[in-house]
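Enquirer: One structure, pasted below without further comment.
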Amino acid sequence: MSAVVTGELLDRVRDRLAGSIDDPTPNMVAAAIRIEAGGVLSDSDLLGALRVLQTELTGAGPLEPLLSDPSVADVLVTAPDEVWVDRGVGLERTGIRFADESSVRRLCQRLALSAGRRLDDAQPWVDGQLPGVGDGTFGVRLHAVLAPVSRGGTCLSLRVLRPTTQGLDALARRGAIEPEALDLLRRIIDARLAFLVVGGTGAGKTTLLAALLGEVRPTERIVCVEDAAELAPSHPHVVRMVARAPNVEGVGEVTVRQLVRQALRMRPDRLVVGEVRGAEVVDLLTALNTGHDGGAGTIHANSPAEVPARLEALAALGGMSREALHSQLGAAVQVVLHVHRGTDGQRRLREIAVVVPDESGRVRVAPAWTSSGVTHSERKRLDELLDRRTENI
């Protein structure tokens, strides 16, 4: 940066542009630079200042190339000189650097405004969604926390939401699904069994769910409800609804639970909740118990055996007791699919389990098939359930 193009000058230009309701164009930025510089800039200084400000004021600034990279799933900033990405094989540190802490803070505040959110000392964190970047993305999920709440400085997390369009055959060719499991998955879809896909963050839950929905008969109507748009199954009749957070005035919120209720009035053959993370589990289980066979959803859980406890906690948010949750779960959901991302970054289907009610009214989730090749006693239960449901269709 030249002696004429100082940080103070750039700050004044930023303040001037911040007062405009329109996105800054190159002409607007250049005009603001000339005004604030009082006409003392040479052409080379003007071009240098323009490049700096365009990088900061458009898109995601210096992070834009990372977000446009089709292999990148997450971009994380923990300090001006610490920018990390996840390309599916763990975190990698990049060579991108911000000028200082203020540059990171300004970027976060601008991204928050783009998402219709507020981020300042009075509201030091933000959670929102940005429009799509590059080709083939649904958008970017934004989360940021300002210092001093974030002790090491402003912390920014961006997740690129890419459409999950791979089919079951493609996943099988990649080694994510074994041949025996592939046959079972297709039978589960044909038999219209309700299922949950479980696993940790980044394990491939949404990818598997979208692939399974692509196997649904083309004559059926799928209604998907999501907190963030990710599902894009290869199917001719899909209705997609996405929740909305409140705006900066605190109004306009549309919750997943509200959308689940609306979906029930839209004649769904398959009701799908992209990720069950709150009280909407009550409405989903109720719907699956009132004639909406073949529904599905995903849930964060480390293993299928933990699913009842996880759903108990979520159902409590909706006012449903433990006993009622187990009763509804035992009648509504038949299968649980567990996906896992290994240390090599490979995402695989590890287990197919069945929901088993016991005499006390509680349910447990027991394995029927696992990638280890061990024969499980509940496999017979799953085969009988598939045969019985297929005969009745």
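The values are calculated or read from the model by the stated rules, or taken from the named source; none is laboratory data. These numbers come from a predicted model, not from an experiment. All Cβ positions, glycine included, derive from the backbone under ideal geometry; neighbour counts span all protein chains shown.
Enquirer: Exactly one of these conditions fails for R270: (1) surrounded by fewer than 21 Cβ atoms within 10 Å (Cβ to Cβ); (2) within 24 Å of H300 (Cα to Cα). Give me its number.
Expert: (1)
Enquirer: Take the residues in the stretch 371-393 that are surrounded by fewer than 18 Cβ atoms within 10 Å (Cβ to Cβ) and not in a helix (DSSP H, G or I), then tell me which one is modelled with the highest pLDDT.
Expert: S371
Enquirer: Return the total of residues in the stretch 297-344 being among the basic types (K, R) and in contact with a helix residue (DSSP H, G or I) (Cβ under 9 Å, 6 or more places away or on another chain).
Expert: Within the stretch 297-344, residues that are among the basic types (K, R) and in contact with a helix residue (DSSP H, G or I) (Cβ under 9 Å, 6 or more places away or on another chain) number 1.
Enquirer: Please work out which residue is surrounded by the fewest Cβ atoms within 10 Å (Cβ to Cβ), limiting yourself to the stretch 70-94 and to residues that are charged (D, E, K, R) and closer than 19 Å to H340 by Cα.
Expert: Here the residue is R87.
Enquirer: Would the stretch 100-114 turn up any residue that is part of a loop (DSSP other than H, G, I, E, B) and within 21 Å of D344 (Cα to Cα)?
Expert: No, every residue in the stretch 100-114 fails to be part of a loop (DSSP other than H, G, I, E, B) and within 21 Å of D344 (Cα to Cα).
Enquirer: What is the residue count in the stretch 57-74 for residues that are among the hydrophobic types (A, V, I, L, M, F, W, C) and in contact with a Lys or Arg (Cβ under 8 Å, 6 or more places away or on another chain)?
Expert: Number satisfying all stated conditions: 3.
Enquirer: Filter the stretch 307-361 for residues that are among the acidic types (D, E) and within 24 Å of the chain's Cα centre (by Cα) and give the result.
Expert: If the condition is that a residue be among the acidic types (D, E) and within 24 Å of the chain's Cα centre (by Cα), then E312, D344, E351 are the ones that fit.
Enquirer: Follow-up question, since we're still on this one. Taking H237 as the residue in question, decide whether it is surrounded by 17 or more Cβ atoms within 10 Å (Cβ to Cβ), touching a residue at least 12 places away in the same chain (Cβ under 8 Å) and more than 21 Å from the chain's Cα centre (by Cα).
Expert: no
Enquirer: Between residues in the stretch 322-349 that are buried (at least 22 other Cβ atoms within 10 Å of the Cβ) and residues that are among the aromatic types (F, W, Y), which pairs lie under 7 Å by C-beta distance while being six or more apart or on different chains?
Expert: If the second residue must be among the aromatic types (F, W, Y), the pairs left are V333/F195; Q334/F195; V335/F195; V336/F195; L337/F195.
Enquirer: Which of (1) assigned to a loop (DSSP other than H, G, I, E, B); (2) touching a residue at least 24 places away in the same chain (Cβ under 8 Å) does A144 not meet, given it meets every other one?
Expert: Here A144 clears every test but (1).
Enquirer: Oh, and also: What residue, of G204, G167, G214, G200, is over 28 Å from A279 (Cβ atoms) and at pLDDT below 90?
Expert: G167 is the lone residue from the list that is over 28 Å from A279 (Cβ atoms) and at pLDDT below 90.
Enquirer: For the stretch 233-275, what are the residues that are farther than 28 Å from Q109 by Cα, in a strand (DSSP E or B) and among the charged types (D, E, K, R)?
Expert: Correct list: R240, R270.
Enquirer: Under the condition of being within 27 Å of the chain's Cα centre (by Cα), at pLDDT below 75 and outside any helix (DSSP H, G or I), which residue from the stretch 24-70 is farthest from R162 (Cα to Cα)?
Expert: T58
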